[in-house]
Number of protein chains: 2
Amino acid sequence: MNANVTGQLARQDAIVPVSRHLSYIAQTAFERPTLVVDSQAVARQYAALAQGLGRARIHYAVKANPAPQILRRLTRMGANFDAASRAEIELCLAAGAKPAQITFGNTIKRPADIAFAHEIGITHFAADATAELEKLAQHAPGAHVCIRLLVEATGADWPLSRKFGCSAAMALSLMDEARDLGLEVSGLSFHVGSQTREPQMWADTLDQVAAVWKAAKDAGHGLSLLNIGGGFPASYGTEVMAPNQYAREVMELVNARFPDAAEIMAEPGRGLVAEAGAIAAEVLLVSRKDADDLHRWVYLDIGKFSGLAETMDEAIRYRITTDHGEAQTGPCILAGPSCDSADVLYEKQLYQLPLALKAGDRVVIHACGAYTSTYSTVGFNGFPPLDVVVI
Amino acid sequence: MNANVTGQLARQDAIVPVSRHLSYIAQTAFERPTLVVDSQAVARQYAALAQGLGRARIHYAVKANPAPQILRRLTRMGANFDAASRAEIELCLAAGAKPAQITFGNTIKRPADIAFAHEIGITHFAADATAELEKLAQHAPGAHVCIRLLVEATGADWPLSRKFGCSAAMALSLMDEARDLGLEVSGLSFHVGSQTREPQMWADTLDQVAAVWKAAKDAGHGLSLLNIGGGFPASYGTEVMAPNQYAREVMELVNARFPDAAEIMAEPGRGLVAEAGAIAAEVLLVSRKDADDLHRWVYLDIGKFSGLAETMDEAIRYRITTDHGEAQTGPCILAGPSCDSADVLYEKQLYQLPLALKAGDRVVIHACGAYTSTYSTVGFNGFPPLDVVVI
């Protein structure tokens, strides 16, 4: 495709007048905080990413939002899936996915889950440690294994810790061990960091991975699969590049470094579903701690423990709108409803909200399609988990 | 009671040979991470606190652990309850508590929850803002209201933010407003901070509250109820004072400052149930990121999102034991099983665990009776919420 077509697609995306989930929220009264996800928007985003990713296969990171309707919709579009546990594998199967479409990418797997996956015909697993390879050899003999590399920190908004992956030297020795254990070393995986806003931010990481890829090939491992993981950004208010253009630019960087990779897979999660959803919530209380306080406290009926866990350390700053339109605003500390002093959403950087805001008012929290419903607690303080409606 | 009796009780507590929940864990195979709570230990702790608290009434903070068996046991012992929501009120009622035994202490209440509570006969509510008083006047006319004070930071292990309470000046004006709205101003509440290890750490806070109490009386408010909240410590490995002695010393500080308070209530949560429970979990993987790494990574089948949320910022450091006894230990980073890089339990301060520890080994996480099961997510990454067994 040429740049002109790309541009058109991006503009079409941008001019959708009012999104379906926001219309639905505007027309609906909710008993409690509810995430509304537009499955058509997910489908559009999938199509745009697929277009940009070209030859790379999309494995949706189920953990971002495992709502059955989303999984079914993606299955019908031919998507593949990456699962973190047996329960997520079962959700994919229930949505109509075949085992061949599912990879088991968690590097920390329960032995019983490995055995289950192997038994039903899942063939691709990830590992970053000897003990994990031994589990795979025992419970999924002959399985294909991707070795996960630990890459240096990037400029992602939600950078990953060193929890996953191993050093380049360790990766090479794990490949030898995997071969000796009768496993099929298929390739390398890595994660550039969640919410990596510029394609160019992938370059350094890809260079690191390419060096290991070359060393592995030199050592006689016939690698065929490069798993570029996730990192595709969602817009939380600030502008991000159109998904097809972003993916295309990332793939240009990938193709330049891995011309010999027979298969490429990507695992978008947030980048696929975040913008397709919004949460309808309600103001429970607006107060000041003292008559002289310069800012207000605004308490919502949703908080850190009922869906907004990604406000941890104020990492993700959601855009919030009210029915007060362009009315004059003032600074607030925003907090959740629980009797827990840690349940404060934004305090270090105050949030601007209308001065007229009061208890009972509706608020809409935007771009909440990813990492909200599953992060909900089972009912801390007796507040129910986030309700989910997929339209 | 005299000091000698107190001392005896403390020693009796200490010499219980092996606690029931630990015996139960040792004799049981679990399919998944499971919290085992000894209801007899909860009962013993309740009796000890009640003995120390003397004339103060215990309202168990249900949010700490709302397991039905715990609520039933406490109901049978004559406990009262503090609820944070309608769902928690309903749990108390289901456990046999009468509405008169339940207070609704969340300062951020849904109007429908207030109406429900009022309708079934709950009469005591908390508030720290004008808008909340207005909700109470509308949905629970004539209700008794405690004004929650914001007190200055103390030395608690888990200090509270400024989320709850209001300034002294605001408290006094809220009392006037409450009276004008036809509500019954019953008294003051505050929270000294969770896990306040020394009784003496209450003194400053009590002085602050006493000054407001006096000012309110001088202004013509016939206060009768002082709610001293929670803050009663649990032992997470380091020694804490016996509960009856701790409570007695706190009450000495209270009685010296509030001789005219007709009623005193306390809301222990953590201090009542934490030590009565332990979690049985399993090691999923032990690895190093590089052959030269000086420490290991130990991944458990439970993490921040499935029960151990209080490891946030490494605030609560749980004691963890294994079946390796006194074997030689080495430093580890401890992490949970999810594909989430934030799911790391202890990293800044490395954890010492046996060098022989390996995948499949049992670990027991101690003093987990409070704030674990309810902080679990509904199933992040497909991992089920923490299972709870009360024996």
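For this structure, a couple of remarks:
- The fewest-to-most ranking of A:TYR346, B:TYR299 by surrounding Cβ atoms within 10 Å reads A:TYR346, B:TYR299.
- Segment A:105-268: C-alpha pair distances exceeding 20 Å, %: 50 percent
- Segment A:96-244: antiparallel DSSP beta bridges as a percent of all, rounded to 5: 5 percent
- Proxy reagent accessibility, fewest Cβ within 10 Å first, across B:VAL388, A:VAL283: A:VAL283, B:VAL388
- Estimated at 0.36 nm per residue, the fully extended path between A:ALA219 and A:ALA327 surpasses their Cα-Cα distance by 32.3 nm.
- Close amide H pairs (under 5 Å, H built 1.01 Å from N) link A:VAL344 with A:GLY336, residues at least 5 positions away or on another chain.
- Table column - 3J(HN,Hα) (Hz), segment A:315-326, Karplus curve with 6.51, -1.76, 1.60, x for Gly and Pro: 5, 9, 9, 6, 7, 10, 10, 10, 8, 8, x, 8
- A point 7 Å from Cα along Cα→Cβ stands in for A:LYS98, and the other copies hold the same point at 6.7 nm, listed in rising order.
- Per-residue 3J(HN,Hα) values for segment A:376-390, derived from phi via the Karplus relation 6.51 cos²θ - 1.76 cosθ + 1.60 with θ = phi - 60°, read 5, 7, 5, x, 4, 6, x, 7, x, x, 4, 7, 10, 10, 9 Hz in sequence order (x marks Gly and Pro).
- In degrees, nearest ten, helix B:130-139 long axis to first principal axis of chain B (Cα): 80 degrees
- Inter-copy spacing of B:LEU22 label points, which lie 7 Å from Cα along Cα→Cβ, given in nm from shortest upward: 5.8
- With a 10 Å cut-off around each Cβ of A:368-379, the average count of Cβ atoms from other chains is 5.
- Estimated FRET transfer efficiency (B:GLU263, B:ALA47; beta-carbon r; R0 25 Å; 0.05): 0.75
- Angle in degrees between helix A:168-180 and the longest Cα principal axis of chain A, rounded to the nearest 10: 60 degrees
- Restraint check, B:LYS135/B:LYS304; A:LYS63/B:LYS348; A:LYS98/B:LYS304; A:LYS98/B:LYS358; B:LYS304/B:LYS358, Cα-Cα greater than 29 Å: B:LYS135/B:LYS304; A:LYS98/B:LYS304; A:LYS98/B:LYS358
- FRET efficiency, A:GLU152 to B:GLU314 (Cβ-Cβ, R0 22 Å, nearest 0.05): 0.35
- Nm distances between copies for B:ALA315, ranked from closest, using label points 7 Å along Cα→Cβ: 1.7
- The phi torsions of segment A:230-239, fed into the Karplus equation with coefficients 6.51, -1.76 and 1.60 and a -60° offset, translate into couplings of x, x, 5, x, 10, 8, 9, x, 6, 6 Hz, rounded to whole numbers, with Gly and Pro shown as x.
We did not get these values from a lab; they are worked out from the coordinates using the rules stated. Computed from a predicted structure; not experimentally measured. Virtual Cβ from ideal backbone geometry, glycine too; neighbours counted across all protein chains shown.
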